[in-house]
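Okay, structure first, notes after.
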Amino acid sequence: MLFKALPLAAALLISLPVIAQKEDPSLDATLQSIAAAHHGKVALYAENLRTHQVASITPDLPVQTASTIKLAILLDAAEQIRAGKASFDEKLVLSHENQVPGSGIIGQLDTPLPLTLRDVLHLMVTLSDNTATNMAIDRLGLDHINQTILAAGLHQTWLYKKVYKPASGPMPADQPKFGLGKTTPREMAEIMTRLVTCNLAPLATQETFHVVMPDSASIDGPICGTILKMLRVQQDRDGLPRYIESLDTSEQGTAIGNKTGALDRVRADVAIIASKSGPIVIAAYTFENQDQRWTGDNEGKITLAKIGEAIVKAWSPTGLDPTVVHWDNPLAPPQK
């Protein structure tokens, strides 16, 4: 794995405009109360992308990612597709050697099995398929994924290895502590925000710079739209969406896109919520949890649900509106 510092020019190339954020003390107090009642620890970061209201609990604390690190894989896939280094339609072949246990379905299917990169990413998101995740890592490259994370200005987020595979090569000293991946709530919220706003991070190395393409609405926008539609049909809705999702999502479509993660003592959820007051990004992590049951009413899941409910009630008391997020193309001009 590469651990090179990016050149200063790269940092300038991807710098984002600084927008004044407004911490919400009242909501912070409510969230602290929810966290205090949880038999474990809680860290989170939330922001309304329209009003720039912010709520947080230790947002810069490094935490185990579990499967939420798969959002970083999506970010790198988007970057490689926009650069012409990969394609949603390219064919990958599932082999028996790639199959691993845990969440998902293709680890149980007959091989060899041809799949598109789109299929693999879709399964990685909607079913958190571990075998599909490893196929995506093999295709995109572990080093490339981590270079993209660094190019996005995220210095506390790492994908250390493939799922259910041992770490190999030079590793940071903290890898055994974090396992698959490390992040902070603020940095994982940043990854989700980049996908939602289609602010893709140009990958910069010491050898070459990739500049932003001029016609981003027609090139980048559909790439992000494909990814947002994957997040929107996420099958695990027992965390942040639990108390705020009221639509028949199978027929009307949801106002929420999210990616979950779970370990014995961890329950995590990172979501984009299309509220009437604006798009809300939440990255919430419960860890060192006493409740280690693998059920829908695990206390970590319930705590996440209470967090999602409290944030939406505070910032958008009139509820959700799926049209607030442009799921098909975030960069498309508004409909007249």
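Key figures
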item: For the stretch 20-324, the fraction of alpha-carbon pairs in successive 10 Å shells from zero, as %; result: 6, 29, 37, 23, 5, 0
item: Unit charges on C-beta of K, R, D, E only; dipole of the chain, Debye; result: 240
item: In Hz, Karplus ³J(HN,Hα) per residue of the stretch 126-143 (6.51, -1.76, 1.60; θ = phi - 60°; x = Gly, Pro); result: 6, 10, 6, 5, 6, 5, 4, 4, 5, 5, 5, 5, 4, 6, 7, x, 4, 4
item: FRET efficiency, Ala167 to Gln290 (Cβ-Cβ, R0 22 Å, nearest 0.05); result: 0.20
item: Label-to-label distance, nm, for residues given as Asp89 and Asp138 (7 Å Cα→Cβ offset); result: 2.4
item: Among Pro241, His38, Ile223 the positive-end extreme of the charge dipole of the stretch 20-324 (Cβ point charges); result: His38
item: Cα centroid separation - the stretch 224-295 against the stretch 59-103, whole Å; result: 18
item: In order through the stretch 43-54: 3J(HN,Hα) via Karplus (6.51 cos²θ - 1.76 cosθ + 1.60), integer Hz, x for Gly, Pro; result: 9, 7, 9, 9, 8, 7, 6, 8, 8, 6, 5, 10
item: Cα-Cα over 26 Å, subset of Lys91/Lys259; Lys22/Lys161; Lys70/Lys313; Lys85/Lys177; result: Lys22/Lys161; Lys70/Lys313; Lys85/Lys177
item: Likely footprinting exposure, Met192, Met124, Met171, fewest C-beta neighbours within 10 Å first; result: Met171, Met192, Met124
item: Relative exposure of Val266, Val125, judged by other C-beta atoms within 10 Å (fewest first); result: Val266, Val125
item: Projected label distance in nm at Gln108 and Lys22, using a 7 Å step from Cα toward the beta-carbon; result: 5.0
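Bear in mind that the values in this text are calculations on the coordinates, not laboratory data. Since this is a predicted model, take the numbers as computed values, not measurements. Quick reminder, even Gly has a Cβ in these numbers, built from the backbone with ideal geometry, and neighbours come from all protein chains shown.
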